[in-house]
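Colleague: Have a look at this one before I ask anything.
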Amino acid sequence: MATGIRTESEAVGLATRSTRGEVDGWRDQPVLLRLVSIALFAGIWEIAGRIPVSFAFPTFSATFTAFIGLIADGSLPLAYVSTLQPLLLGIVLSAFLGVGLGTLCGLWRTGEWLLIPVFIVLQAAPVAAFIPMVTFVYGIGMTAKTLAVMILALPVIVLNTYKAVRNVNESLVVMCRSFLGTRWQVVTQIVLPDASPVIFAGLRLGVAAGFVGVVLAELLITPTGIGDLITFHRSRADYAEMYATIASIIALSTLTLIVLQWIEVRVFRPETRGA
Amino acid sequence: MRAAVLRKEPSSMPAPIDPIVEVRGISKSYGSTEALRGIDLDFPRGKLTSLLGPSGCGKTTLLKIIAGLIKANAGSIAVDGKVVTAPGPERAFVFQDFALMPWATALRNVAFGLELRGKARAEREEIARHYIAEVGLAGFEDKYPHQLSGGMRQRVGLARALSVDADVLLLDEPFSAVDEQNRRKFQEDLIRLRSNQNKTFIFVTHSIEEAVYISDRIVLLSPRPGRVSQIIEPEIDRSGDPDLIHRDKHYLDTVQEIWQGLKQYAE
Amino acid sequence: MTLFGYRVPMMASLLVWCVLWEIVGRLDLVFLLPPLSEVLSAAVGLVQTPSWQSATVTTLRAFFTGMVLSIVIGVPLGILMGRVKIADDLLGMWVNIFSSAPLSALVPVLMILFGFGERTIVAAVFLFAIWIIVLDTRAGVRHISPSLIEMARSYGASRRALYLKIILWAALPEILAGIRLGLIRGVKGVVIGQLLVAIVGYGALFETFSRNFRMAEFWALTIILFAFALLIAELIERAEAKVEYYAGAR
Ligand SMILES: Nc1ncnc2c1ncn2[C@@H]1O[C@H](COP(=O)(O)OP(=O)(O)OP(=O)(O)O)[C@@H](O)[C@H]1O
Ligand SMILES: [Mg+2]
């Protein structure tokens, strides 16, 4: 366990391999097939809803109508305002803290020894168990939600940054030193740029984890935002509205991740070492 | 000193005797790339024929069509007079990258062809052991591919092809991933095998020296789209000292002649 | 790290944190954090209670059922996507979406579809674990060297033999990696599911402990869960090490 740091990002389709593998999955697929795939999904949903597989399984069309309704009456946008604030704040804080800590651990052996095991544990363990606790300590406000986001997002960001900094191209570092670069220059001119694709991939994974954190916090204790909307419509048995809300948050997170991946490819890929 | 090498003028278009593999009008395109155009060839029984040509001329493609691994767009392949379209037990393939199963020992790799044919374990392992010894790997039966050197791995691949007792062995640049010493040693082994196994070998290479050294017949292919441009029979007596053959005038002349033929493509 | 010339194993630093926890707990510096020793003795007490034992049985049962389902369905699905282009085109997008979507939002749906019981937890584990298994299996199948497959065909392998003797084995390193990640996600799924359902297994215990401010037991349960998650990851990693030698050799 202590030998190789394995993070979720090793998973195919996520960070590290994105330089070649799965990124193409999003791009190379003909648009037509993508549309067919979506249509098929909607069709199966519609049929399953019409059978119906369960009294609590609305059709696709009913869900879509409910979605329009939720937007029209303003409840969905309002819920998003209260959900996205802590999400954004949590992500930004985790990004700064995580990249900082990760870089530190990658460069400084004692820091690595002290902190990395903690984050390995946090990444592998079901930290969601902490969320009720956080709510206990900080109440049901913005702080608790932000902390929930950070608890989930921080480990993956730290570990990715750490891995990237640690596995920096050694010959580039030697090159910089041989041209009399200072330690500071080595870090800012070589290490961080070289590590940036993997760091960014870590941030993307952090965003995905942050979505989980905020939804979980809202579902578990804090009755606000999207989580509250889901719970509320469930309690009133407005299943179409409930499904619409859930689908919207999944769609939003997916879109966010696609945009981030697009940026990753655009910004970091061209200069990502010839390989 | 020269006596070991028998001289004969290379004849350019000899009449084939008793062909075991007949290639008739084979053409193949990959999308818009035309790889092969109208190939007609006979491979004589019990001989070693090399396919030689510039990179990308379709040697591998032709060999895989003969093996039944890819389908041609036009034309047919007959083995022993019967038209074939799929892999069959009378042909065995030796792969450039060895294609060994990394999770299986040398013994199981060699026996794999027989395993797929449903032969009982004891029986197939006995046969496998025999051919492992034949290619000089006795004692390495229980090693995994990653514990063997490149040359040894290719010997395993060769033993696997021999153990299914096919009449025709198809070898796609079998020595290209093997270092030079092993390669020489291997070529000699192949010559020995050919003389005492009575099998037909079809051998892809892009080394002219190698082709002249080991082949009974050399088929020169033109650059893409691949066509048969020349057939050469080196007629070299290989019973003597291998080192002498490499210095023999007839051998060197043949190499030179083929090089002259190919040079025009190298520009 | 080296200390006085000795290499100190990385994980040893966790001991430092344990000591720190003990000190912080004793000094009562952080709200709701009892000293580690108290938590550990609570853990010893906890594992002897029938409520913990039955909760553990429920949790493990749900976990393993969900994992078996996701492996049994996920691996063939991944192989299908790796081999059949049209399946990959149609499903790839959804597998990608679900592998990184906030699936916790779907747990309320599971609750109304499967009821407030163990079936929901099984479904949650399945939902959390399967996508990464599919993705990794697919990647494993994609990475198989074409010549290995040609080899099998040239020696006359039947379709069944091709899948059972070549493809499954050649993709094994990635399949195991996928299962390891799937197990980690599955543990998260079981915990999130139980927290949300709150009347099954550990979820019920967490609920009781936190409502009654029984913090030592709360932390003890958390530690047990963490230990379980790490143990599982470690076990699979051992299995992976066994096949590592051929991962690079293909
Ligand atoms: N699967 C394929 N898809 C598309 N084009 C292919 C494919 N396989 C081969 N080709 C093309 O067909 C031509 C012949 O390829 P082939 O591999 O048979 O050449 P070769 O003579 O074996 O070359 P080399 O000496 O480099 O091995 C090449 O131009 C190659 O680019
Ligand atoms: Mg070739």
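Colleague: Restricting to the range A:215-232, name every residue that is over 19 Å from the mean Cα position of the chain (by Cα) and more than 9 Å from chain C (Cβ to nearest Cβ).
Modeller: Correct list: A:I221, A:T222, A:P223, A:T224, A:D228, A:L229, A:F232.
Colleague: I'd like the full set of residues that are of a type outside the set (S, T, N, Q) and without any contact (Cβ under 8 Å) to a residue 40 or more places away in the chain, limited to the range B:15-63. Give the derivation first.
Modeller: As a first pass, look at the range B:15-63 and keep what is of a type outside the set (S, T, N, Q): B:15-26, B:28, B:30-31, B:34-48, B:51-54, B:56-59, B:62-63.
B:A15, B:P16, B:I17, B:D18, B:P19, B:Y30, B:G31, B:D42, listed by residue number.
Colleague: Right, next: Need the failing condition index for A:I44 against (1) open to solvent by less than 60 Å² (accessible area, probe 1.4 Å); (2) aliphatic (A, V, I, L, M); (3) assigned to a helix (DSSP H, G or I); (4) within 14 Å of chain C (Cβ to nearest Cβ), just the number.
Modeller: (1)
Colleague: Can you find a residue in the range C:117-139 that is open to solvent by 10 Å² or more (accessible area, probe 1.4 Å), outside any helix (DSSP H, G or I) and at pLDDT below 90? Before you say what the answer is, go through the steps one by one.
Modeller: First pass over the range C:117-139, keeping only residues open to solvent by 10 Å² or more (accessible area, probe 1.4 Å): C:117-119, C:122-123, C:126-128, C:131, C:138.
Narrowing the set further to residues that are outside any helix (DSSP H, G or I) leaves C:117.
Still in the running and at pLDDT below 90: C:117.
Yes, because at least one residue in the range C:117-139 is open to solvent by 10 Å² or more (accessible area, probe 1.4 Å), outside any helix (DSSP H, G or I) and at pLDDT below 90.
Colleague: On to the next question. Restricting to the range B:70-94, name every residue that is touching a Ser or Thr at 6+ places or on another chain (Cβ under 8 Å), within 16 Å of ligand 1 (Cβ to nearest atom) and open to solvent by less than 10 Å² (accessible area, probe 1.4 Å).
Modeller: B:I77, B:F93 - these are the residues of the range B:70-94 that are touching a Ser or Thr at 6+ places or on another chain (Cβ under 8 Å), within 16 Å of ligand 1 (Cβ to nearest atom) and open to solvent by less than 10 Å² (accessible area, probe 1.4 Å).
Colleague: Tell me the residue from C:E237, C:E217, C:E150, C:E244 that is at the interface with chain A (Cβ under 9 Å from one of its Cβ atoms) and open to solvent by 20 Å² or more (accessible area, probe 1.4 Å), please.
Modeller: Working: C:E217 fails: at the interface with chain A (Cβ under 9 Å from one of its Cβ atoms); C:E150 fails: at the interface with chain A (Cβ under 9 Å from one of its Cβ atoms); C:E244 fails: at the interface with chain A (Cβ under 9 Å from one of its Cβ atoms).
Checking each option against the conditions leaves just C:E237.
Colleague: Do the conditions hold for B:P225, that is, is it under 18 Å from B:V135 (Cβ atoms) and over 18 Å from the mean Cα position of the chain (by Cα)?
Modeller: Working: under 18 Å from B:V135 (Cβ atoms): no; over 18 Å from the mean Cα position of the chain (by Cα): yes.
For B:P225, the condition - under 18 Å from B:V135 (Cβ atoms) and over 18 Å from the mean Cα position of the chain (by Cα) - is not met.
Colleague: Would you list the helices (runs of 4 or more DSSP H) that sit entirely within the range B:110-219 and hold 2 or more residues that are open to solvent by 60 Å² or more (accessible area, probe 1.4 Å) and either at pLDDT 90 or above or of a type outside the set (D, E) (or both)? Explain how you work it out, then say what you get.
Modeller: On the way: elements: B:121-134, B:150-163, B:180-197, B:208-214.
Ranges flagged: B:121-134, B:180-197.
Colleague: Checking C:S13 against (1) of a type outside the set (D, E); (2) surrounded by fewer than 20 Cβ atoms within 10 Å (Cβ to Cβ); (3) over 19 Å from C:L221 (Cβ atoms); (4) in contact with a Pro (Cβ under 6 Å, 6 or more places away or on another chain), which test does it fail?
Modeller: (2)
Colleague: Condition first: farther than 10 Å from A:P86 by Cβ, of a type in the set (A, V, I, L, M), open to solvent by 10 Å² or more (accessible area, probe 1.4 Å) and in a helix (DSSP H, G or I). Now tell me which residues in the range A:128-150 satisfy that. Working first, answer last.
Modeller: The initial filter retains those residues of the range A:128-150 that are farther than 10 Å from A:P86 by Cβ, namely A:128-140.
Now narrow it down to the ones that are of a type in the set (A, V, I, L, M): A:128-129, A:131, A:133-134, A:137, A:140.
From the residues that got through so far, the ones that are open to solvent by 10 Å² or more (accessible area, probe 1.4 Å) too are A:133-134, A:137, A:140.
A:M133, A:V134, A:V137, listed by residue number.
Colleague: Let me ask you something else. So for the range A:257-268 (the condition being polar (S, T, N, Q), open to solvent by 30 Å² or more (accessible area, probe 1.4 Å) and more than 16 Å from A:L107 (Cα to Cα)), does at least one residue qualify?
Modeller: Going through the range A:257-268, the residues polar (S, T, N, Q) turn out to be A:261.
From what is left, the residues that are open to solvent by 30 Å² or more (accessible area, probe 1.4 Å) are none.
No, there is no match, as no residue in the range A:257-268 is polar (S, T, N, Q), open to solvent by 30 Å² or more (accessible area, probe 1.4 Å) and more than 16 Å from A:L107 (Cα to Cα).
Colleague: So, B:L221, is that one within 15 Å of ligand 1 (Cβ to nearest atom) and outside the structural domain of B:L63 (by TED's automatic domain parsing) or not?
Modeller: Values: within 15 Å of ligand 1 (Cβ to nearest atom): yes; outside the structural domain of B:L63 (by TED's automatic domain parsing): no.
The answer is no for B:L221.
Colleague: Given the options B:S50, B:S29, name the one that is at pLDDT 90 or above, within 15 Å of ligand 2 (Cβ to nearest atom) and assigned to a strand (DSSP E or B).
Modeller: B:S50
Colleague: Within the range B:142-187, which residues are small (G, A, S) and away from ligand 1 (no atom under 16 Å from the Cβ)? Walk me through how you get there before you give the answer.
Modeller: Filtering the range B:142-187 down to residues small (G, A, S) leaves B:149-151, B:157, B:159, B:161, B:163, B:166, B:176-177.
Across the range B:142-187, the qualifying residues are B:S149, B:G150, B:G151, B:G157, B:A159, B:A161, B:S163, B:A166.
Colleague: Moving on. Does A:A244 satisfy the condition of being within 23 Å of A:A56 (Cα to Cα) and open to solvent by less than 50 Å² (accessible area, probe 1.4 Å)?
Modeller: On the way: within 23 Å of A:A56 (Cα to Cα): yes; open to solvent by less than 50 Å² (accessible area, probe 1.4 Å): yes.
The answer is yes for A:A244.
Colleague: For the range A:105-119, how many residues meet the condition of being open to solvent by less than 10 Å² (accessible area, probe 1.4 Å) and facing another protein chain (nearest Cβ under 8 Å)?
Modeller: Result for the range A:105-119: 2.
Colleague: Give me the residue from the range A:247-256 that is at the interface with another protein chain (Cβ under 8 Å from one of its Cβ atoms) and farther than 18 Å from A:D73 by Cα and, out of that set, least open to solvent (accessible area, probe 1.4 Å).
Modeller: The selected residue is A:S253.
The values are calculated or read from the model by the stated rules, or taken from the named source; none is laboratory data. None of the values given here were measured: they were computed from a predicted structure. Glycine also receives a Cβ, built like all others from the backbone with ideal geometry; neighbour counts cover every protein chain displayed. These accessible areas exclude ligands, DNA and RNA; they are computed on the full protein's heavy atoms, side chains included. Shrake-Rupley method; radii C 1.70, N 1.55, O 1.52, S 1.80 Å.
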